[in-house]
Amino acid sequence: MNMQTNSPQRRIERVRHEPHRRDVTVTRIERLSPGFLAITFGSDSLASFVSLSFDDHVKFILEDAKGNKVMRDFTPRSFDLQRRELTLEFALHEHGVACDWARQANVGDAAVIGGPRGSMIISGDYDWHLLAGDATALPAIHRRVEALPQGSRVWVVAYVDDAADQRMFKSAAMVSVLWVNSAEALVQALRDIPLPTGEGFAWCAAEATVAAHVRDVLLNERQLPLACTRISAYWRSGVADFSEGH
């Protein structure tokens, strides 16, 4: 069932943050699944760190083998202001400077993190929430699901290549999860999933081509209001330094 609403209200607040470059140190490393690693960074420089939304992005800054500066976008998975600790998740099955760094990381290693430049705060009082994406979207989806209050209804459609990377979602909300094993299955699931009536918010992040297909399905086929959707291309196949402007 498509969402029916006569006049969707935009409940999104955009907040800008002063950009900072922070020198941090690895304080903890946790293997989440065969394909995912959580690395926690600590530093007093994080005292002024602000991340207000699950959709935020920081720049992870490092050098490649030739000494060139490389920046990659990562979602702040969690942040502890009291401990001055920031956790990021790395997908180990991918290949690239950042993921290669993560595979070899040790406690005490130095790193540099910039941002986030801003936050898009999405209200939690929608009638329902739809969260979808590939492996790169999982940190944001986990963070959002954990933050939604009791009584919220959430549908998650997540794509990972390896079933061993499927993880439980912790939440006070009522969460329905569908795992798929291909980009095509992700798009088809969003085409078929029964959505309730009322005003909902749909969020999706994936590879650029997949995100374009999802946008067409949700906006044109399912006719969800543009004001109630956020669909992002987190990466583009074959492009190492792709950024959609996070």
Show that you can apply the helix-only estimate: for the chain, add -39,500 (n - 2.57) for every DSSP H stretch of four or more residues, divide by all residues, and state [θ] at 222 nm to the nearest 500. -4000 deg cm²/dmol
Just to confirm the number: angle between the C-alpha axis of helix 183-192 and the first principal axis of the chain, 0 to 90 degrees, nearest 10? 30
For ARG14 and ARG167, calculate 0.36 nm times their separation in residues minus their Cα-Cα distance, and state this gained length in nm to one decimal. 52.1 nm
Please give the contour-minus-distance gain from ALA110 to LEU81: 0.36 nm per residue of separation, less the Cα-Cα distance, rounded to one decimal in nm. 8.5 nm
Spin-label point model (7 Å from Cα, Cβ direction): what's the ALA208 to ARG21 distance in nm? 2.7
Checking rank on 102-114, 217-229, with mean other Cβ inside 10 Å and highest first, the result is 217-229, 102-114
For a quick check: with amide H placed at 1.01 Å from N, whose amide H comes under 5 Å from ASP55's, ignoring anything fewer than 5 positions away on the same chain? MET120
Fully extended, how many nm does the chain gain between ARG31 and SER176 (0.36 nm per residue separation, minus their Cα-Cα distance)? 49.7 nm
Hey, fewest Cβ within 10 Å first, where do ARG84, ARG31 land in order? ARG31, ARG84
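A short reminder: the numbers here are calculations on the coordinates, not readings from a lab. On a predicted model such as this, the values are computed, not experimentally measured, just so you know. Note: ideal-geometry Cβ built from the backbone for every residue, glycine included; neighbour counts use all protein chains shown.
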